[in-house]
Amino acid sequence: MASLEILSPVANVVEQSVKPAPRLRDLGHATIGLYWNMKAGGDAALDRTEQLLRERFPGARFKRYTGSVGWLMRHCTAEDADRIAAEVDAVVGTTND
Amino acid sequence: MVELERRGVPTVIITAEAFVQDARRSAQSFGLAGLPLAVVPTPLTNRRPEDIHRMVTEAFDQVVAGLTRPVEACADVGRPAVEERLTYDGPDLLDAWSRMNRDFLARGWSDGFPLVAPTGRAVEAMLRGSARDPGEVIATLEPGFGVATVEKLAINAVMAGGGPEHLPLLVAAVRCLAEPKMYLRNKAMSTGPHAPLVLVNGPKGRAANLNAGMCALGPGAPSASNTVLGRAVRLTMMNVGHTYVGVSDMDTIGSPLKYSLACAENEAQSPWEPYHVARGYAREASTVTVHFVYGICELHDFRSTRPEDLIQVFATAATNVAQVGTALWLIGRRADPRYKTEEREHNTLFVCPEHAQIFAGEGWDRARIQQALYKTARLPFRTLMLNKEPKALQAAHPELGWLADHPDLPLPVVETPDCFEIAVVGGAAGRGAYFYGAGEPVTMPVED
């Protein structure tokens, strides 16, 4: 019987932790942000999302966003995130691929 | 979305079934594994609006739940457990080694080829290639925020089949990968086939017996050192950066270039200053440059004897709209808002020595080749926009709205002439290589 002892190639990771935001009790009076990263099809998905949310929550209001930097994908900067957080109560986004 | 959650805004992401694990791993890396998802059966790309509407309708309850129900803690999404030592038993050592390879494959730690066993003795020998402390942290590698100690790099270099001479080169390559401007997270996780092209300049490359000549990127004994170095970079991306296929590397097709893609510049047969000197390093310095590339196109021309004619041929490789980076400048720049970095899309040309001599013989330097390619490699606006989102053009360049009225206007395929990187590589005969790049290359010095 032979035994081969080897060293693990896998690195430890730097763990990060973010507390999730409190969820909303009701979307009926919420302002909801719809964030499109500009990947194809995401705009159509958010169009339908807005339509369905309007039907179920007639009092909801909507704001559209995309990131201010990027190329195939447009990303949120810290300033974008601050602005969105100040303007809406919740956000629906798309990733696509 | 995690940044919005951090700011107290509840979010939900609409994503495809195929990308759920990727989304969860990504959210976990940023500290919120339970980030709510609304899952649709297929990606939204290449779908008719009515099909997208139907999928969203079916996922709508998940959207509402994601914004209103408490976020559940999500189990660990496959982040590999870290055991510092592992033991494999068998009737003999060869059998034990086979078991190690099977286990590494099952854990996702292998590139698919047999690995050299990273025994304590082998790793100790590898570490002699560097004056650094084994515990020194070279970088934290994305997408998994893995801690790249010298020892972990040495272990992966052993697995790749490397020797001590490769360790300083790997350390420099990892420093390139970790540079914020590299935006490794994007290139490692993308659905595109991003492969790290590693180009070595200077005496350390020659000492490591890297091939710069015939079949420098090919298989066989002349390029064995190249193969090992490129493989070590890939294994490091996997096991240190935690770039694992199907979990945090969502490449649609993949590419053989991702196994290993490394060589040295053929400085001895170059009529120009070495590539690293053009990038600001001293001639006697050794450097490693990493440029992520999507694919490769041959630059074949046995007939031309004038630079202008070679440029015409080279430009046909550059004008390939099916390649994502072609004229990507029209819809913005690759950007990582965390570090406020932006990259232009560069492409790397490996000019073979014979073609290089034709250019140099007529007094052409790199800058003149770049200018000539910039002027020649153009396509009509309408052709360049065939696979690009018009609204992205509007967002990136509102000042270019007038182009819609000039669809046949020829436009350059890159943002500026210096987006063509030029190095001399290869053996005899007029065949070079054009690499379709992803973002910009990064160069780091090789230090012991």
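Say R0 is 60 Å: what FRET efficiency, to the nearest 0.05, do B:Arg382 and B:Ala224 get from their beta-carbon distance? Approximately 0.80, to the nearest 0.05.
Applying the Kirkwood pairwise sum to the alpha-carbon positions of chain B produces a hydrodynamic radius of 23.7 angstrom.
Pull up the DSSP beta bridges for chain B and report the antiparallel fraction as a percent, rounded to 5. Antiparallel bridges: around 70 percent, rounded to the nearest 5.
Its alpha carbons considered, the stretch B:394-447 gives a radius of gyration followed by a Dmax of 17.6, 54 Å. Taken over the stretch B:153-222, the convex hull of the Cα atoms encloses 122 Å³ per residue. Ranked for footprinting exposure by Cβ neighbours inside 10 Å, fewest first, B:Lys375, B:Lys388 give B:Lys375, B:Lys388. Which of the aspartates and glutamates could a cross-linker bridge to B:Lys340, judged by Cα under 12 Å and excluding same-chain residues fewer than eight apart? Candidates past the 8-residue exclusion: A:Glu79. Too long at a 25 Å Cα-Cα cut-off: which of A:Lys39/B:Lys152; B:Lys187/B:Lys388; B:Lys181/B:Lys258; A:Lys19/B:Lys187; B:Lys152/B:Lys258? Flagged as over cut-off: A:Lys39/B:Lys152; A:Lys19/B:Lys187.
The calculated FRET efficiency for the pair B:Lys375 and B:Asp95, based on their C-beta separation and a Förster distance of 60 Å, comes to about 0.45.
Placing +1 on the Cβ of every Lys and Arg and -1 on the Cβ of every Asp and Glu, with no other charges, gives the stretch B:2-68 a dipole of roughly 160 debye about its Cα centre. In terms of Cα atoms, the Rg and Dmax of the protein assembly as shown work out to 24.9, 77 Å. Of the DSSP H helices in chain B, those with a Cα length along their own long axis of 18 Å or more and a mean Kyte-Doolittle hydropathy reaching 0.0 comprise B:49-68, B:224-239.
For the stretch B:229-317, state the average projected area of the convex hull of the C-alpha atoms over all orientations, rounded to one decimal in nm².
The directionally averaged projection comes out at 8.4 nm².
Using a cutoff of 8 angstrom between alpha carbon atoms and counting only pairs six or more residues apart, the relative contact order for the stretch B:209-255 works out to 21 percent.
Taking every residue in B:236-243 and counting other chain Cβ atoms within 10 Å of its Cβ, the average works out to 2.
Taking a ≥ b ≥ c as the square roots of the eigenvalues of the Cα gyration tensor, the stretch B:91-147 is classed as oblate, since a/c reaches at least 1.5 and a/b does not exceed b/c. Placing +1 on the Cβ of every Lys and Arg and -1 on the Cβ of every Asp and Glu, with nothing else charged, gives the stretch B:319-430 a dipole about its Cα centre of roughly 220 debye.
When chain B is treated as a Gaussian network with alpha carbon springs shorter than 10 Å, the biggest mean-square fluctuation among B:Thr57, B:Thr45, B:Thr316 belongs to B:Thr45.
In the stretch B:168-326, one over the average inverse separation of all distinct C-alpha pairs is 17.0 Å, which is the Kirkwood hydrodynamic radius. Working note: Cα gyration tensor of the stretch A:31-93, eigenvalues times five, square-rooted, sorted largest first, giving semi-axes of 21, 16, 5 Å.
Compared with the rule-of-thumb size 2.2 N^0.38 Å for a compact globular protein, the stretch B:329-448 has a Cα radius of gyration ratio of 1.27.
Computed from the Cα positions only, the extents of the stretch B:2-68 along the three principal axes stand at 34, 23, 14 Å, in decreasing order.
Residues whose amide H falls under 5 Å from that of A:Phe62, counting only those 5 or more places apart or on a different chain, are A:Ile32, with hydrogens built in the peptide plane.
With a simple spin-label model that places each label point 7 Å from the Cα along the Cα-to-Cβ direction, the separation between A:Asn12 and B:Arg85 comes to 1.7 nm. Computing Rg and the Kirkwood Rh from the Cα coordinates of the stretch B:1-160 gives a ratio, Rg/Rh, of 1.12. Rounded to the nearest 10 degrees, the inclination of helix A:78-87 to the longest alpha-carbon principal axis of chain A is 40 degrees. Comparing B:Leu184, B:Ala433, B:Ser304 along the charge dipole axis of chain B, the residue lying farthest to the positive side is B:Leu184, per the Cβ-charge model. Each part reduced to its alpha carbon centroid, the stretch B:270-292 and the stretch B:406-448 end up 14 Å apart.
With the charge dipole of chain B set up from +1 on Lys and Arg Cβ and -1 on Asp and Glu Cβ about the Cα centre, the Cα lying farthest toward the positive end among the listed residues B:Ala356, B:Tyr374, B:Pro219 is that of B:Tyr374. Counting only DSSP beta bridges with both residues in the protein assembly as shown, tell me the antiparallel percent, nearest 5. So the antiparallel bridges in the protein assembly as shown amount to around 60 percent. Counting only alpha carbon atoms, the long axis of helix A:42-56 and the longest principal axis of chain A meet at about 50°.
Readers should treat all values here as calculations from the given coordinates under stated rules, not as data from a laboratory. As the structure is a prediction and not an experimental result, all values here were calculated from the model. We place every Cβ from the backbone using ideal geometry, glycine too, and count neighbours over all the protein chains shown.
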